[in-house]
Every structure is written in C-alpha cells, then in structure tokens.
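Engineer: Before we start, here is the structure in question, set down as structure tokens.
The values are calculated or read from the model by the stated rules, or taken from the named source; none is laboratory data. As the structure is a computational prediction, the values presented were derived from the model and not from experiment. Here the Cβ is made from the backbone with ideal geometry for all residues, glycine too, and neighbour counts use every protein chain on show.
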C-alpha cells in the first residue's frame with residue numbers, strides 16, 4: 001500500500017478529474033477517493049484510510065473551513081490541504097485556524113499541490129506563492145471563535161437561502177432548534193436580519 005493516500009473533496013467534477021489525472025502519475029501516492037459532498041468527508045476518510053485531504057473551500061451546504069474543523073476534531077492525524085480560487089488573507093487565516101496544514105490556489109494546483117503534499121507529510125506547513133507569508137502569526141479572533149460548530153453550519157445554510165425547515169432536514173434537527181440557533185447567531189454577531197447575516201457570511205468567507 002502506498003504511503004500517501006489522498007482524498008479529493010471538491011464539488012466540481014471537472015476539477016476533481018484534473019487533480020486525479022495529475023496525482024495518479026505520481027508513483028509514491030494513491031488517490032483513494034473523491035467526493036463533492038462535504039457531509040461525506042469523515043465517513044470517506046475512515047473508509048479509505050486517507051491521510052491527506054485536498055479540500056475545496058467553497059462548497060455548498062457546509063464549506064471547506066467548517067468541514068476541516070469537524071474532520072480534524074475526529075481524525076486529527078489527517079493533513080488537510082486547502083484548495084481555493086481565492087488568495088485573500090481572510091480565507092487563508094480561516095483555513096489555518098480550522099487546522100489546515102497547507103493552502104494552494106487552484107490557479108497553481110499542479111506543481112504547487114505536489115510540493116504541498118510533500119511538505120505536509122513532513123509535518124510542515126505550506127503556502128503557495130500566491131499567498132502572502134504574512135498571514136502566519138497574525139491570525140485574529142473571527143467567526144470560528146464566536147460561534148459553535150452547529151451555529152456555523154446554520155449560518156452558512158441561512159446565508160445560502162435555505163429555510164429553517166430545510167436546514168432542519170439537512171442537519172437532522174427540528175425546526176424550532178434551527179430557530180434557536182438563528183437567534184443565538186444574530187445575538188452573538190449583533191446582526192438583526194437575514195440580509196445582514198448574508199453580508200456577514202460573505203465578508204467572512206463563509207460563503208462565496
């Protein structure tokens with residue numbers, strides 16, 4: 001069995017195909033699975049024994065930041081490499097705060113991704129050249145420290161336009177519990193309507 005076992009997580013099939021084609025040429029690693037559904041990641045890591053997850057940030061339902069946060073609570077040995085079209089410091093900081101070991105922009109997801117894989121297997125952090133080194137050591141208190149994991153999930157789904165009933169079905173909780181989470185989110189963030197929640201989610205990289 002090859003030492004490096006990679007799981008690809010991205011909601012764009014064509015991009016996953018391109019990554020798989022790139023990585024399958026490398027003799028020392030194996031692509032053991034792929035998914036476009038963030039809710040399947042933990043199950044697939046366990047099923048495939050993946051030790052590296054290439055994680056898209058901008059996924060519907062639950063973004064890569066929250067997925068990384070939840071994954072590493074349960075599977076702390078996994079190394080997460082963030083993949084994003086954005087090099088904005090806000091996204092980089094949020095992914096590193098969530099526990100990601102590397103950050104590579106999709107524009108550079110070829111040689112840079114291979115460098116990132118090698119680095120994280122050596123327990124080193126890696127940022128591609130598009131991303132400023134200054135983000136390390138300058139992380140600030142953000143949404144990740146203000147809200148619970150469930151509240152972050154609810155915030156993303158609300159910002160994506162889902163009703164409380166749909167959110168409840170997706171998260172397997174009752175509608176009244178969703179409403180409690182919404183009120184708590186607005187209280188903690190000092191926001192007063194859905195439009196402000198959406199604006200906050202966009203400004204903090206929770207949704208694109």
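Engineer: Residue under question is residue 57, and the condition is that it be more than 19 Å from residue 205 (Cβ to Cβ), touching a strand residue (DSSP E or B) at 6+ places or on another chain (Cβ under 9 Å), touching a residue at least 60 places away in the same chain (Cβ under 8 Å) and in the same structural domain as residue 21 (by TED's automatic domain parsing); does it hold? Break it down into steps so the answer makes sense when it comes.
Structural biologist: On the way: more than 19 Å from residue 205 (Cβ to Cβ): no; touching a strand residue (DSSP E or B) at 6+ places or on another chain (Cβ under 9 Å): yes; touching a residue at least 60 places away in the same chain (Cβ under 8 Å): yes; in the same structural domain as residue 21 (by TED's automatic domain parsing): yes.
No, not satisfied.
Engineer: Okay, moving on. Could you list, in sequence order, all residues of the range 53-65 that are surrounded by fewer than 24 Cβ atoms within 10 Å (Cβ to Cβ) and modelled with pLDDT of 90 or more?
Structural biologist: 56 - this is the single residue of the range 53-65 that is surrounded by fewer than 24 Cβ atoms within 10 Å (Cβ to Cβ) and modelled with pLDDT of 90 or more.
Engineer: Output the residues belonging to the range 167-207 that are under 12 Å from residue 153 (Cα atoms) and modelled with pLDDT under 85.
Structural biologist: If the condition is that a residue be under 12 Å from residue 153 (Cα atoms) and modelled with pLDDT under 85, then 201, 206, 207 are the ones that fit.
Engineer: Can you tell me which condition residue 205 does not meet? The list is (1) assigned to a helix (DSSP H, G or I); (2) closer than 21 Å to residue 93 by Cβ, and all the others hold.
Structural biologist: (1)
Engineer: State yes or no: is residue 29 assigned by TED's automatic domain parsing to the domain that holds residue 99, under 28 Å from residue 156 (Cα atoms) and surrounded by 18 or more Cβ atoms within 10 Å (Cβ to Cβ)?
Structural biologist: no
Engineer: Please determine whether any residue of the range 145-160 is at pLDDT below 90, out of contact with any helix residue (DSSP H, G or I) (no Cβ under 9 Å at 6 or more places or on another chain), surrounded by fewer than 18 Cβ atoms within 10 Å (Cβ to Cβ) and not in a helix (DSSP H, G or I).
Structural biologist: No, there is no match, as no residue in the range 145-160 is at pLDDT below 90, out of contact with any helix residue (DSSP H, G or I) (no Cβ under 9 Å at 6 or more places or on another chain), surrounded by fewer than 18 Cβ atoms within 10 Å (Cβ to Cβ) and not in a helix (DSSP H, G or I).
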